[in-house]
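Below: the structure, in C-alpha cells.
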Amino acid sequence: MSCELKLKERIGTINPIFTCQPAGAQYASIGIKDCIGIVHGGQGCVMFVRLLISQHLKESFEIASSSVHEDGAVFGALNRVEEAVDVLLMRYPHVKVIPIITTCSTEVIGDDVDGVVTKLEEELLQVKYPDREVHLIPIHTPSFVGSMVSGYDVAVRDFVKYFAKKDKPSFKINLITGWVNPGDVTELKRLLAEMQIEANVLFEIESFDSPLMPDKSAVSHGSTTIEDLISTADAQGTIALNRYEGGKAAKFLEKRWDVPAIIGPTPIGIRNTDTFLQNLKAMTGKPIPDSLVRDRGIAIDAITDLTHMFLADKKVAIYGNPDLVIGLAEFCLDLEMKPVLLLLGDENAEYENDPRIKALQDSVDFDMEIVANADLWDLEDRIKNKGLELDLILGHSKGRFIAIDNMIPMVRVGFPTYDRAGLFRYPVVGYKGATWLAEQMANALFTDMEYKKNKEWILNVW
C-alpha cells in the first residue's frame, strides 16, 4: 500500500481545476471595506472572474478594469492605469483602497506598475484629490505562473505589508481565514466570540450574504477595515488557517514585526478544529468554554450515527484548493473513508515538504494518489479508462459532468459552487462544518442508494 505524490503526466491542461493568479487577488480584495480593485489587463481578466465569484456568492460587487486593448499590449498601457484610477476616484467618493492587480499581458510587456503608482501619488492624488485618503497598492499576479491560490496568498501578503504599522500592543489576534465562504467566516467569528477573543479577520466577507432592504441600502462588500490591517503589526499573534492561502502574510508579520505565527491546520473536521481551538488557547490564554465542548459532542454524536454503517470504506476523490483538499482528506480518514485520489490544481514545490502530506504517506493503509498540477481530465480518465472505482466525489461545480456521466454521487464543496442553492451560507470549518459535511456526504450516498436500488431498504430501518 502506498501514498504517492506526483505531477500530472501530461503537458497540456484539459478542464482546469481552477483559474489564474489575478482571480485570487480579486477574491482577496473584495474582503476589504472601501476597496475597489483595478485589474490591469484585458476586460476578460475581470469579466470572467467576476462572473465566477458572482455565480458562487449570488451577489454583485464592484471591481474595475484598465481595459487594455491591442495597442496597449504592444506599446504599453500605463496610461490606462492612470485613467482608471482617476475615473474610479471620481465615480466612487467612498473608495480609499485601490489595489492594482497585474495580469499576464501587462507583466509580459513590462508595465512598471510600481512606478506609475509613485507617479500617481506625486501628481494626480496631490493635485486633484489632496484631501482624500487613497492607498494605491501594486499587486503582481502574472497569470503564467502560479494559480488563483498563490494569487490570493500574494495579495493578502501585499495588503498586510502595505498597511501593517506598529503603534501599541493589542490584545487582538490576526485570523487569516484563507479562501472561504461567508458561512465559514460567520462560524469562525462565533468560535472566537465563544472564547471571548477579539480578532482582525482577514478577510471579512460575511457581509456578502447581504439582505435586500426596503430602502435599497444594502451592498455586498467586505468589512475588513484599513484600521484592522494597520493593527495587524500590534497583534498578540497570527493564526493563518491555510498554509497556501495566507501563509505568506503570517510569515511576513512574524519576520518584520515579531508577531508570532501559527500556520494551520485548516479546521476541517473534529481533530483539526480541536487543534485550532488549542492554538487559540495557547496564543491568548483564554480557556475553551463548555459551550464549544458541547458543540464538539453534538458533532461527534452526529458523525457516530453515520460513520460505521454508511461512510466506512467508501472510496472518495477530492479536488480543489490544496488546503481544502488536504483538510477534507484528513476528515475522510477520521470517518473511516478512503480518499484514494487527491487532485491539486497547481504545481508547488512546497507540496513535497508539506507535513500533512508526509503524514498521509506515513499512515494510510491503502493506495492513494496525490497529483499536483492536476486537471479534471485526471479524474475522468482514471474513472473511464483506468478502472478507478469511486463511491463519492468531493469538489466544486466544475466536476459535475464527470459525476453525472459516471453516475457517482458528488458533494459540492470549494470554489466555485454555482449549481446548488445557498452552499456559501454553510460552514465547512469548525464543529458545525464537520456535522454539515458528514451529513451532506451521507445524504448524497443515500440518494444514490435509492436511485440505484442498492440496499435502499436499509434506510427504512436505520
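The values are calculated or read from the model by the stated rules, or taken from the named source; none is laboratory data. What you are looking at is a predicted structure, and each value in this text was computed from that prediction instead of being measured. Cβ placement follows ideal geometry from the backbone for every residue including glycine, while neighbour counts extend to all protein chains displayed.
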Quick check on the range 263-293: of everything there that is among the hydrophobic types (A, V, I, L, M, F, W, C) and in contact with a Leu (Cβ under 9 Å, 6 or more places away or on another chain), which residue is farthest from LEU191 (Cα to Cα)? ILE263
Give all pairs with beta carbons closer than 8 Å in which a residue from the range 8-36 that is part of a strand (DSSP E or B) meets a residue that is small (Gly, Ala, Ser); count only pairs at least 6 apart in sequence or on separate chains. PRO16/GLY345; ILE32/GLY222; CYS35/SER29; CYS35/GLY222
Scope the range 37-91; condition of a type in the set (Phe, Trp, Tyr) and in a helix (DSSP H, G or I); matching residues: PHE48, PHE75
Show the residue pairs that are 6+ apart or on different chains and have beta-carbon atoms under 6 Å apart, the first residue being within the range 163-180 and over 18 Å from LYS251 (Cα atoms), the second being buried (at least 19 other Cβ atoms within 10 Å of the Cβ). ASP167/ASP234; PRO169/ASP234; SER170/SER231; SER170/ASP234; SER170/ALA235
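Please enumerate the residues belonging to the range 174-202 that are under 28 Å from ILE101 (Cβ atoms) and of a type in the set (Val, Ile, Thr).
The answer is ILE176, THR177, VAL180, VAL185, THR186, VAL201.
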Please count how many residues of the range 90-113 are under 16 Å from ASN79 (Cβ atoms) and not hydroxyl-bearing (Ser, Thr, Tyr). 6
I'd like to know if the range 432-454 contains one or more residues that are free of Cβ contacts under 8 Å to residues at least 12 places away in the same chain, exposed (fewer than 14 other Cβ atoms within 10 Å of the Cβ), within 25 Å of the chain's Cα centre (by Cα) and not in a helix (DSSP H, G or I). no
Cβ pairs under 7 Å, 6+ apart or interchain, first in the range 259-284 and more than 20 Å from GLY433 (Cβ to Cβ), second among the charged types (D, E, K, R) and part of a helix (DSSP H, G or I), ordered by first then second residue, are PRO260/GLU254; ALA261/LYS251; ALA261/GLU254
Output yes when any residue across the range 402-409 is crowded, with 20+ Cβ neighbours inside 10 Å and acidic (Asp, Glu), and no when none is. no
Within the range 344-369, of all residues that are of a type in the set (A, V, I, L, M, F, W, C) and over 14 Å from LYS315 (Cα atoms), the one surrounded by the fewest Cβ atoms within 10 Å (Cβ to Cβ) is ALA349
Going through the range 401-431 in order, the residues found to be assigned to a helix (DSSP H, G or I) and among the acidic types (Asp, Glu) are ASP405
For the range 219-332, which strands (runs of 3 or more DSSP E) that fit wholly inside it have 3 or more residues that are crowded, with 22+ Cβ neighbours inside 10 Å and outside the structural domain of PRO427 (by TED's automatic domain parsing)? 238-240
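A quick yes/no check of all residues on (1) basic (Lys, Arg); (2) at pLDDT below 90; (3) closer than 30 Å to VAL340 by Cβ; (4) not assigned by TED's automatic domain parsing to the domain that holds ASN200:
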residue: GLU9; (1), (2), (3), (4): no, yes, yes, yes
residue: ALA25; (1), (2), (3), (4): no, no, no, yes
residue: GLY31; (1), (2), (3), (4): no, no, no, yes
residue: LEU52; (1), (2), (3), (4): no, no, yes, yes
residue: HIS56; (1), (2), (3), (4): no, no, yes, yes
residue: GLU62; (1), (2), (3), (4): no, yes, no, yes
residue: SER65; (1), (2), (3), (4): no, no, no, yes
residue: VAL68; (1), (2), (3), (4): no, yes, no, yes
In the list LEU388, LEU379, LEU341, which residue meets the criterion of being surrounded by fewer than 21 Cβ atoms within 10 Å (Cβ to Cβ) and more than 18 Å from the chain's Cα centre (by Cα)? LEU388
Please work out which one of (1) surrounded by fewer than 19 Cβ atoms within 10 Å (Cβ to Cβ); (2) at pLDDT 95 or above is the condition ASP215 fails and give its number. (2)
Reported set for the range 86-116 where residues are of a type outside the set (S, T, N, Q), over 28 Å from ASP209 (Cα atoms) and in contact (Cβ under 8 Å) with a residue 40 or more places away in the chain is ASP86, CYS104, ASP111, VAL113
